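A short worksheet on the structure shown next.
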């Protein structure tokens, strides 16, 4: 509809010019046609609608005008010509900005594919689904990150949140995810993996301006073996995951705190591994603080555990659909922080995996 607005404006003004007394000079409003065209049409189309408006004004002057009104129509033509020139320039500027925005979106989409690449729906005995919502819609990607890999140790997952926003946060997230994709296959346990990430992040931060401790991230590492009924978790200052089991839900809080990534030098490199039961039909929900820090109109934080106890846990996709729905409803559609969540469900028995 917006694309046809210039033609609609031209037609309406032409009808009014013929339907009203000539001394009302409705034809003067024909200069609105190129002004509307500048917002939706290219330069050539904008100029064309301006020429059409001028031609219509000449026809109106010939068919309805009086000799005493010739100066008025000349003034109207001058106004249409000036408006057309200004509208053509505005259309040119708009097209350049649209192209720039398209280029930025293309870069953002490429960055997202590298940093947050599509995750398979099945890894080993696990069903996996991901939810990612960037607070800045046009940015497509922010400081939250995640990854899940099938290794000889089982499925290893990471989810985290980088301090800060914008391109520096994206760069830090990329460095952590890149190291995880390499080290997850090599390190024998999650504590060693967390130290590896901390060392890699420390080296990366040393190349950046300012205090290296300003560049850090909270993260949660999880390992779910194919041949067991338990999961191992290292929580590096991150919100605790939720465990859905036998119709109940609980937070998996760490027995002892582990330092955020790149804070090991200051807080010590004591990474504590917690083991939690994770049998068939159990589900884990890993998420970033954008979930729990979502606010309603009164400023109250989103009560995640209270809502989670009412969800249908038949599948990870259903779980994340309900999380997304409740977040949007609770915030009235105003999500102000990046949100990432991973839901994993033990779908197959150990016997079936071996078979």
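The values are calculated or read from the model by the stated rules, or taken from the named source; none is laboratory data. Quick caveat, the model's predicted, so the values are computed rather than measured. All Cβ positions, glycine included, derive from the backbone under ideal geometry; neighbour counts span all protein chains shown.
Considering 12, 49, the condition of being assigned to a helix (DSSP H, G or I) and out of contact with any helix residue (DSSP H, G or I) (no Cβ under 7 Å at 6 or more places or on another chain) is satisfied by 12 alone.
Residues checked against (1) outside the structural domain of residue 148 (by TED's automatic domain parsing); (2) touching a strand residue (DSSP E or B) at 6+ places or on another chain (Cβ under 6 Å); (3) closer than 13 Å to residue 242 by Cα:
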| site | (1), (2), (3) |
| --- | --- |
| 303 | no, no, yes |
| 312 | no, no, no |
| 316 | no, yes, yes |
| 329 | no, no, no |
| 341 | no, yes, yes |
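None of 306, 333 is at positive phi and free of Cβ contacts under 8 Å to residues at least 24 places away in the same chain except 333. The set of residues in segment 272-306 that are buried (at least 18 other Cβ atoms within 10 Å of the Cβ) and over 25 Å from residue 124 (Cα atoms) comprises 290, 291, 294, 302, 304. The criterion of at least 2 residues that are out of contact with any helix residue (DSSP H, G or I) (no Cβ under 7 Å at 6 or more places or on another chain) and surrounded by fewer than 18 Cβ atoms within 10 Å (Cβ to Cβ) is met, among strands (runs of 3 or more DSSP E) falling completely within segment 195-271, by 248-251. As for segment 303-312, it holds at least one residue that is in a loop (DSSP other than H, G, I, E, B), at pLDDT 90 or above and under 25 Å from the mean Cα position of the chain (by Cα).
I need the full set of residues from segment 20-46 which are assigned to a helix (DSSP H, G or I) and more than 24 Å from residue 89 (Cα to Cα), in order please. Residues satisfying the conditions are 22, 23, 24, 26. Among the residues of this structure, residue 48 does not count as one that is free of Cβ contacts under 8 Å to residues at least 24 places away in the same chain and either surrounded by fewer than 14 Cβ atoms within 10 Å (Cβ to Cβ) or in contact with a strand residue (DSSP E or B) (Cβ under 8 Å, 6 or more places away or on another chain) (or both).
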